[in-house]
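See below for the structure under consideration.
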Amino acid sequence: MAKLSRDPREKAVDEASVAMLEKAAVDGVVDAFARADAQGKSCAFGLDGICCRLCHMGPCRLTAKTPLGVCGADADTITARNLLREVAAGAAAHSDHGRSLVLLLKAVAEGRGGDYQIKDEGRLRTAAREWGVQIDGLSTRQIAARLAEVFLSEFALQEGKLKTLSLAPLPRQGLWDRLGLAPRGIDASIVEALHRTHMGVDHDYRNLVHGALKTAIADGWGGSMIATTVSDILFGTPEPVRGCANLGVLEERQVNVLVHGHEPALTEMLVAASRDPQMMAEAKAAGAEGINLAGICCTANEVLMRHGVPVAGNFLQQELAIVTGAVELMITDVQCCMPSLPSVARCYHTKVVTTNPIARSMGAEPMDFDEANAMACAKAILRKAIANFPNRDPKKVSIPDVKHPLVAGFSNETIFYMLGGTFRRSFRPLNDAIITGRIRGVAGIVGCTNARGRVDEYIITLTKELIKRNILVLQTGCAAVACGKYGLLTPEAALELAGPSLREVCEAVGIPPVLHMGSCVDNSRILMAATYVVEEGGLGNDLSDLPAIGAAPEWMSEKAVAIGHYFVASGIDVVLGRPFHTTGSQAVTDYLCNGLANVVGARFHYVPEVAEAVELICKHIEKKRDALGINRKTERKLYDMKDRRELKV
Ligand code: XCC
Ligand code: SF4
């Protein structure tokens with residue numbers, strides 16, 4: 001299999017990954033890249049989205065000769081139905097994650113939270129206000145209890161629309177109402193999506209695409225927004241923090257423990273347990289110098305943002321981390337954890353444990369996490385890692401000496417503070433910088449990496465090119481980790497790459513030109529950042545007026561499909577480095593990439609070439625600036641209130 005595979009340098013750009021891909025071949029490990037190459041060219045029916053197996057008269061594959069399924073479904077119906085199902089799955093993943101956090105908040109409020117507590121009372125109070133909870137005279141725990149009730153009812157709501165939508169700009173809320181896109185409860189929205197895509201229900205591709213937007217809104221402005229908020233309340237709102245990224249964060253002389261997945265509750269406890277003197281002593285007794293906790297994927301982003309825990313890598317480095325031969329234990333929770341991990345681990349001494357009863361893997365040991373006994377669970381898991389340290393085979397160990405320092409932790413609360421201080425918290429300086437053109441606009445570059453391409457390349461190139469052109473970049477997920485690995489999240493290095501006027505603003509405010517805003521559920525932070533800019537004034541009345549854009553260059557998951565849809569539903573265009581599986585229908589593709597602009601004020605762009613993406617994004621941003629009237633020759637002019645009001649019209 002290895003022989004048919006691409007050269008390691010065609011699979012990844014970073015030296016650490018290349019070195020481990022070479023080692024994997026020597027050690028006889030089959031990795032995701034080798035499997036991708038073995039898969040060969042993807043099935044054209046699947047790629048184009050014109051394969052349907054929603055009922056047992058099928059599967060039906062559409063061709064020129066057989067353009068209809070047995071039931072009569074055409075390419076438009078089939079691709080749109082498949083797309084909506086993907087959005088539903090992505091929204092379910094984010095939202096179920098949010099639900100588990102809300103249940104933990106409820107437990108804490110009721111005194112059943114065990115080792116958990118409310119870390120950020122300020123955030124709790126702001127959230128209570130935002131969701132309309134009366135807090136006068138209530139204790140912290142009472143407020144938490146009421147807020148948890150409100151959040152739970154967001155999942156359970158059968159009629160009406162989500163309360164959380166009220167965080168969006170008013171004109172956007174109005175548009176959603178008029179278009180019938182305002183979702184009811186999160187659970188009901190996902191059930192509805194599955195219902196309408198059942199055989200013989202919804203066949204109008206436009207209606208199905210609207211269904212995808214509506215379901216996605218229930219994710220971004222529902223489940224994900226709630227997940228981020230509750231994480232901040234329970235574990236603390238992120239503040240700027242130093243960290244480090246890439247496989248070089250693994251330590252030769254320490255017990256290396258990797259956390260991988262998405263949910264922060266267990267990981268928070270593991271961070272505390274790994275710093276416990278008694279655990280350190282146990283590690284030393286086993287012959288190690290200490291315990292080194294590091295992360296993969298979004299669990300990594302969660303503990304990086306709050307504790308500066310080092311990041312071992314993004315999505316396609318999960319197997320490569322094990323290939324270092326230096327990992328005692330990999331702890332998985334939910335989402336993006338490859339089923340291949342136990343078989344890769346078998347080539348080394350590494351053990352893989354699963355911690356969530358809904359996410360088990362053949363060959364991995366289940367150690368289900370019990371939140372009521374969180375610290376005891378965390379310690380038991382760490383002890384397993386310590387006990388495995390003596391089994392490490394030094395001959396098989398090779399940790400690439402590649403890592404980069406970074407700064408993360410840019411929550412909106414932090415951005416408010418950096419822009420205006422505690423008493424004058426405000427987005428004004430950012431808006432002014434955009435209005436005067438020193439910052440041309442804002443791009444959110446998010447999402448996964450993909451074994452079918454050259455990992456990190458598109459993300460890194462796009463980010464560098466945009467900051468060079470004075471566009472501020474916001475990041476989450478594996479895209480943020482990619483940038484961390486190349487030093488783009490260090491203020492100094494990145495400032496050297498930024499265009500002169502963006503650099504000037506960043507230096508004045510003290511922020512890097514690329515801001516790490518968190519995990520994938522934290523794309524909700526990007527929605528709110530855009531909302532704060534609108535509310536600050538001078539840049540239009542709705543998100544669709546902003547000189548802003550989203551991009552998912554190397555996406556792969558259904559969650560990314562949902563994220564793309566809620567950005568577009570919010571009025572923000574989205575550039576995709578690879579198309580959705582809709583290319584089998586001209587009508588659906590055209591509706592997503594053109595038609596939607598007339599409906600929600602934003603659309604998708606399928607752009608496989610990064611150079612083309614750079615050009616498209618710059619053009620898009622300048623077009624929005626023209627429409628706002630801020631591209632007139634008014635450089636360096638200071639705006640007074642009158643000017644700002646006029647700009648709004
Ligand atoms: Fe997964 Fe969130 Fe994608 Fe990374 S970016 S591969 S979804 S970990 Ni969300
Ligand atoms: Fe075929 Fe229609 Fe059944 Fe799909 S729903 S498998 S197109 S018969």
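The values are calculated or read from the model by the stated rules, or taken from the named source; none is laboratory data. Please read these numbers as outputs of a predicted model, since none were measured by experiment. Quick reminder, even Gly has a Cβ in these numbers, built from the backbone with ideal geometry, and neighbours come from all protein chains shown. Note: accessible area is taken over every heavy atom of the protein model, side chains too, but ligands, DNA and RNA are not part of it. Shrake-Rupley method; radii C 1.70, N 1.55, O 1.52, S 1.80 Å.
See the values below:
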{"item": "Listed residues 581, 198, 307 arranged by accessible area, highest first, probe 1.4 Å", "result": "198, 581, 307"}
{"item": "Note, ³J(HN,Hα) from phi for segment 205-212, Karplus 6.51, -1.76, 1.60, rounded to Hz, x at Gly and Pro", "result": "4, 5, 4, 5, 5, 4, x, 5"}
{"item": "Whole-number D in µm² s⁻¹ for segment 417-467, Kirkwood Cα-pair radius fed into Stokes-Einstein, 25 °C, 0.890 mPa s", "result": "181 µm²/s"}
{"item": "Spin-label proximity, residue 417 to segment 504-519 - amide N less than 20 Å from point 7 Å beyond Cα toward beta carbon", "result": "506-519"}
{"item": "Probe 1.4 Å, protein heavy atoms only - accessible area per residue of segment 369-489 in square angstrom", "result": "35 Å²"}
{"item": "For segment 380-386, 3J(HN,Hα) per residue [Karplus equation, 6.51 cos²θ - 1.76 cosθ + 1.60, θ = phi - 60°, Hz, x = Gly/Pro]", "result": "4, 5, 5, 4, 4, 5, 4"}
{"item": "Nearest-0.05 FRET efficiency for residue 159 and residue 284, computed from C-beta distance (R0 60 Å)", "result": "0.50"}
{"item": "Accessible carbon and sulfur surface of the chain relative to its total accessible area, %, 1.4 Å", "result": "53 percent"}
{"item": "Point-charge dipole on Cβ atoms (K/R +1, D/E -1) for segment 362-494, about Cα centre, debye to 20", "result": "400 debye"}
{"item": "Exposure ranking of 620, 260 by accessible area [1.4 Å probe, largest first]", "result": "620, 260"}
{"item": "Inter-site label distance for residue 44 and residue 367 at 7 Å from Cα along Cβ, in nm", "result": "5.0 nm"}
{"item": "Dipole in debye (nearest 20) - segment 80-148, about Cα centre, beta carbon charges: Lys, Arg +1; Asp, Glu -1", "result": "140 debye"}
{"item": "For a label point 7 Å along the Cα-to-beta-carbon line of residue 496, residues of segment 400-419 with backbone N under 15 Å", "result": "404-406"}
{"item": "Inter-site label distance for residue 26 and residue 272 at 7 Å from Cα along Cβ, in nm", "result": "4.2 nm"}
{"item": "Modelled FRET efficiency - R0 35 Å, residue 461 with residue 136, Cβ distances, 0.05 increments", "result": "0.10"}
{"item": "Accessible solvent surface per residue of segment 162-270, calculated while the other protein chains remain in place, 1.4 angstrom probe, Å²", "result": "30 Å²"}
{"item": "Sequence-distant residues sharing a close amide H with residue 474 (under 5 Å, placed H)", "result": "443, 444, 445, 515"}
{"item": "Rounded to the nearest 10 Å², the accessible area of residue 532 at probe 1.4 Å", "result": "40 Å²"}
{"item": "Alpha carbon centroid spacing (whole Å) that separates segment 257-276 from segment 179-238", "result": "29 Å"}
{"item": "Fraction of beta bridges assigned by DSSP in the chain that are antiparallel (%, nearest 5)", "result": "15 percent"}
{"item": "Area accessible to solvent at residue 379, 1.4 Å probe radius, in Å²", "result": "40 Å²"}
{"item": "Global form of segment 132-210, assessed from the alpha-carbon gyration tensor, a/c cut-off 1.5", "result": "oblate"}
{"item": "Extent along principal axes [Cα atoms of segment 235-290; Å; largest to smallest]", "result": "36, 25, 22"}
{"item": "Residue 35-residue 70 FRET efficiency (beta carbon distance; Förster radius 22 Å; 0.05 resolution)", "result": "0.10"}
{"item": "Distant-in-sequence amide H partners of residue 292 (H built 1.01 Å from N, under 5 Å)", "result": "255, 256, 257"}
{"item": "Potential lengthening between residue 191 and residue 6 on full extension [0.36 nm per residue; Cα-Cα distance subtracted]", "result": "62.4 nm"}
{"item": "Residue 37 accessible area, 1.4 Å probe, all protein chains in place, Å² to nearest 10", "result": "40 Å²"}
{"item": "Compactness of the chain - radius of gyration and Dmax, Cα, Å", "result": "24.1, 71"}
{"item": "Alpha-carbon centroid distance for the pair segment 61-78 / segment 508-531, whole angstrom", "result": "43 Å"}
{"item": "Percent of alpha-carbon pairs separated by more than 18 Å within segment 394-495", "result": "58 percent"}
{"item": "Additional length obtainable on full extension of the chain from residue 376 to residue 112, 0.36 nm per residue less Cα span", "result": "93.5 nm"}
{"item": "Long pairs among 468/559; 351/379; 106/559; 106/161; 464/485; 214/559, criterion Cα-Cα beyond 18 Å", "result": "468/559; 106/559; 106/161"}
{"item": "Sequence of 262, 56 from largest to smallest accessible area, 1.4 Å probe", "result": "56, 262"}
{"item": "³J(HN,Hα), Karplus 6.51/-1.76/1.60, whole Hz, each residue of segment 409-415, x for Gly, Pro", "result": "x, 8, 6, 5, 4, 5, 5"}
{"item": "Dipole magnitude of the chain about its Cα centre (Cβ charges: Lys, Arg +1; Asp, Glu -1), debye to nearest 20", "result": "600 debye"}
{"item": "Over the chain: helical MRE at 222 nm, DSSP H runs n ≥ 4 each giving -39500 (n - 2.57), nearest 500", "result": "-14500 deg cm²/dmol"}
{"item": "Relative contact order computed over segment 171-284 (Cα-Cα under 8 Å; 6+ residues apart), in percent", "result": "20 percent"}
{"item": "The chain: relative contact order in percent, alpha carbon pairs under 8 Å with at least 6 residues between", "result": "16 percent"}
